[in-house]
Amino acid sequence: MILPARAVIDPTCRDIGFRNRRTDIAAVLRRSEELHGKPARIRYRACLTAAMRRVANDPDGRSTVDRVELGSGLRSFHIRHSREESREAPVAKPVHVLFYRVIQSGAGNRPSAA
């Protein structure tokens, strides 16, 4: 997936102990389907996608938080702030937080992190 973005973000943050983002996202979506069914998985994936697009377009946006206490340049974004931006019906109570850092500013179109 290609995202029009003003920044390339690095959601791995391995230097502070975060695991592989693809594995984590896949696990979140599997669990969502186990607990709430396939339609919920589809909605949650859309919510996560909207959150990643929002962060890529405005990495220092008003709903992001500087997390310097966890690592240099690290920021977080609670996906609840993107629940209405999804192409699917909104997720009732999204609970996950994206942790990321900007690795290239003003990047234009780049492959997404998802």
Once the principal axes of the Cα atoms of segment 38-81 are found, what is the range along each, listed largest first in whole angstroms? 37, 20, 13
What are the ³J(HN,Hα) values, in whole Hz, obtained from phi via the Karplus relation 6.51 cos²θ - 1.76 cosθ + 1.60 with θ = phi - 60°, for each residue of segment 52-63 in sequence order, with x given for Gly and Pro? 5, 5, 4, 5, 5, 7, 8, x, 10, x, 5, 8
Computed E for Lys93/Val68 - FRET, C-beta separation, R0 41 angstrom, nearest 0.05: 0.90
Neighbour-limited loop hits for trypsin sites (Lys or Arg not before Pro), segment 29-80 (at most 14 other Cβ within 10 Å; DSSP other than H, G, I, E, B): Arg62
Separation between Cα centres of segment 20-57 and segment 65-104, rounded to whole Å: 12 Å
With r as the distance between the Cβ atoms of Lys38 and Gln104 and R0 = 41 Å, compute the FRET efficiency 1/(1 + (r/R0)^6) and round to 0.05. 0.70
Could you work out how far apart the two model spin labels at Ser76 and Arg30 are, taking each label as a point 7 Å from the Cα in the direction of the beta carbon, and quote it in nm? 2.5 nm
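Values in this text are rule-based calculations from the coordinates and carry no lab data. Everything quoted here is computed from the prediction, not taken from an experiment. Don't worry about glycine lacking a Cβ; one is built from the backbone with ideal geometry, like all the others, and counts go over all protein chains shown.
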